[in-house]
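In what follows, a single structure is set out as structure tokens and then discussed.
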Amino acid sequence: MHGDRQWPEVHDVVPLTRPPDVSVRVPGSKSITNRALLCAALAPGRSTLRGALVADDTLAMLDAVRAFGATVTVEADGSGPSGATVTVTGADLTCTDTVEVFARQSGTTSRLVLPAAALRAGTTLVDGSEQLRARPFGPQLTALRQLGATVEELGRPGFLPVRVLAPARGGRADISGDVSSQFVSGLLMAGPLMPEGLRLDLTTTLVSRPYLDITRDVMAAFGVVVDGLCVGAATYRATDLTVEPDASSASYFFGAAAATGGRVTVDGLGRGSAQGDLGFVDLLERMGATVERGTDRTTVTGPARLRGIDADMRHVSDTAQTLAAVAVGADGPTRVRGIGFVRGKETDRIRAVVTELRRAGIDAVEHDDGFTVVPGIPRPTVFRTYEDHRMAMSLALLGLRHPGIALADPGCVTKTYPGFFDDLRALRT
């Protein structure tokens, strides 16, 4: 059971009878929705978010901002099971109540909320699922201590659950950028409400850099300007914001077009997007796909034959599993590099995707920083999904061309895309 929907233990993917030629609209961006929800909770007054994503990860953030004291209403917007208009009236950070935030499996929610908890006058306990408890938080906790917050791990050092006891004063802090850009984003979003503002100094190279652009854009929409990794003391301003479709979710449909030789247009996601994962189509273009980039839509048309490529995906790592599935149908090996840090995601995404492709008879090799996929024809397989939504959605693409492909625990897609399999069926229309 995931959410209110009863899911089967296994989902069979039915192969397409012909290449698709369709337009789809995927749900709103998780990254934008969660950042906007938090900014709205930190802003005095009432904000409205249109096209917001409703999925496990954003429901975790909705729970968090309500725990902080924000007033929230959610109304379906008619775009599907994952779309809504959300109104948020900001929280009173001077409240001295002790509150608990359970972030479910959401790394985004927990890493954005922890610094915000250091703005509250009261004590905040942040925890999550066993899966989330296994993910690292050490660099962010160290930075919060440098900024004056009192932070206590209640279990293993550097991991949830964590109690935040005292407000952060701000100032300068060191932060590593090679584990997750979410550490930086969360600190930047809390920075304006710290009395001394915030300056972050990176101690390593930064991965997933485009997500910082999203953070800056959302903060700017709420009236706060970030200069590099510095932000002065300021006040968020309530606003109305429309959330664009999620580029990571769109990658599965772009990948489907490339893998099947079909044509798929994703509406609402054009060349003006700040979402770095839209750069996935650049990789498909290198593989031989044709990409049309409009102001409010992007179209991918698959080639007669895909080429294998060598790609550094450190800034588009959430689409690496999608590329692995597409690479199965290429004319030569595909090597993915620069994503060693995804071993600390919902699962070890390098090992998991290599393991599952091997189970299907595909020659795949695990490297410290990525993987190599050698093309082949997958045999019928029930793929394990490791409680990882991206494993399920990426490996589903193999079933569009090859019979006998099924997915265990398909309900894990509710983390970011509850209607994924319904939209995947739309490729047949």
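The values are calculated or read from the model by the stated rules, or taken from the named source; none is laboratory data. Note that this is a predicted model, so its numbers are computed, not measured. Don't worry about glycine lacking a Cβ; one is built from the backbone with ideal geometry, like all the others, and counts go over all protein chains shown.
What's the total number of residues in the range 230-255 that are in a loop (DSSP other than H, G, I, E, B), in contact with a Lys or Arg (Cβ under 9 Å, 6 or more places away or on another chain) and closer than 30 Å to R172 by Cβ?
Qualifying residue count for the region: 1.
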In this structure, is V224 buried (at least 16 other Cβ atoms within 10 Å of the Cβ) and part of a helix (DSSP H, G or I)?
no
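Can you tell me which residue within the range 392-426, out of those that are hydroxyl-bearing (S, T, Y) and more than 20 Å from T355 (Cα to Cα), is surrounded by the fewest Cβ atoms within 10 Å (Cβ to Cβ)?
T414
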Among (1) without any contact (Cβ under 8 Å) to a residue 60 or more places away in the chain; (2) surrounded by fewer than 18 Cβ atoms within 10 Å (Cβ to Cβ); (3) assigned to a helix (DSSP H, G or I), there is one condition V184 misses while meeting the rest; what is its number?
(2)
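Within the range 136-152, which residues are within 12 Å of L165 (Cα to Cα) and not in a loop (DSSP other than H, G, I, E, B)? Before you say what the answer is, go through the steps one by one.
Of all residues in the range 136-152, those within 12 Å of L165 (Cα to Cα) come to 144-145, 148-152.
Answer for the range 136-152, where residues must be within 12 Å of L165 (Cα to Cα) and not in a loop (DSSP other than H, G, I, E, B): L144, R145, T150, V151, E152.
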Just checking, how many residues over the range 329-364 are more than 15 Å from R135 (Cα to Cα), surrounded by 22 or more Cβ atoms within 10 Å (Cβ to Cβ) and not hydrophobic (A, V, I, L, M, F, W, C)?
3
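How about the range 28-135: which helices (runs of 4 or more DSSP H) wholly inside it have at least 1 residues that are under 16 Å from S185 (Cβ atoms) and among the small types (G, A, S)? Show your work before the answer.
On the way: elements: 30-42, 56-68, 107-117, 130-133.
Per the criteria, 30-42, 56-68, 107-117.
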Within the range 114-135, is there a residue that is out of contact with any Leu (no Cβ under 9 Å at 6 or more places or on another chain) and surrounded by 24 or more Cβ atoms within 10 Å (Cβ to Cβ)?
no
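Within the bounds of the range 270-283, is there any residue that is closer than 26 Å to R18 by Cβ and either in a loop (DSSP other than H, G, I, E, B) or charged (D, E, K, R) (or both)? Reasoning before the result, please.
Of the residues in the range 270-283, the ones closer than 26 Å to R18 by Cβ are 280-281, 283.
Add one more test, that the residue is either in a loop (DSSP other than H, G, I, E, B) or charged (D, E, K, R) (or both), and what stays is none.
Among the residues of the range 270-283, not one is closer than 26 Å to R18 by Cβ and either in a loop (DSSP other than H, G, I, E, B) or charged (D, E, K, R) (or both), which makes the answer no.
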Look at L198 and say whether it is crowded, with 23+ Cβ neighbours inside 10 Å and either polar (S, T, N, Q) or in contact with a strand residue (DSSP E or B) (Cβ under 8 Å, 6 or more places away or on another chain) (or both).
yes
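Residues of the range 59-71 being buried (at least 16 other Cβ atoms within 10 Å of the Cβ), in contact (Cβ under 8 Å) with a residue 12 or more places away in the chain and either within 20 Å of V243 (Cβ to Cβ) or out of contact with any Lys or Arg (no Cβ under 8 Å at 6 or more places or on another chain) (or both), which ones?
Of the range 59-71, the ones buried (at least 16 other Cβ atoms within 10 Å of the Cβ) are 59-70.
From what is left, the residues that are in contact (Cβ under 8 Å) with a residue 12 or more places away in the chain are 59-65, 67-70.
Scanning the range 59-71 gives L59, A60, M61, L62, D63, A64, V65, A67, G69, A70.
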Is at least one residue of the range 206-214 surrounded by fewer than 24 Cβ atoms within 10 Å (Cβ to Cβ) and without any contact (Cβ under 8 Å) to a residue 40 or more places away in the chain?
yes
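Scan the range 410-429 residue by residue and report those that are within 19 Å of Q105 (Cα to Cα) and of a type in the set (S, T, N, Q). Let's see the steps before the verdict.
Let us first name the residues in the range 410-429 that are within 19 Å of Q105 (Cα to Cα), namely 410-420.
Scanning the range 410-429 gives T414, T416.
Going by the structure shown, is F159 of a type in the set (A, V, I, L, M, F, W, C), assigned by TED's automatic domain parsing to the domain that holds A41 and surrounded by fewer than 22 Cβ atoms within 10 Å (Cβ to Cβ)? Give the derivation first.
Numbers: of a type in the set (A, V, I, L, M, F, W, C): yes; assigned by TED's automatic domain parsing to the domain that holds A41: yes; surrounded by fewer than 22 Cβ atoms within 10 Å (Cβ to Cβ): yes.
Yes, satisfied.
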Subset of the range 254-311, residues surrounded by fewer than 24 Cβ atoms within 10 Å (Cβ to Cβ), hydrophobic (A, V, I, L, M, F, W, C) and in contact (Cβ under 8 Å) with a residue 60 or more places away in the chain, comes to A274
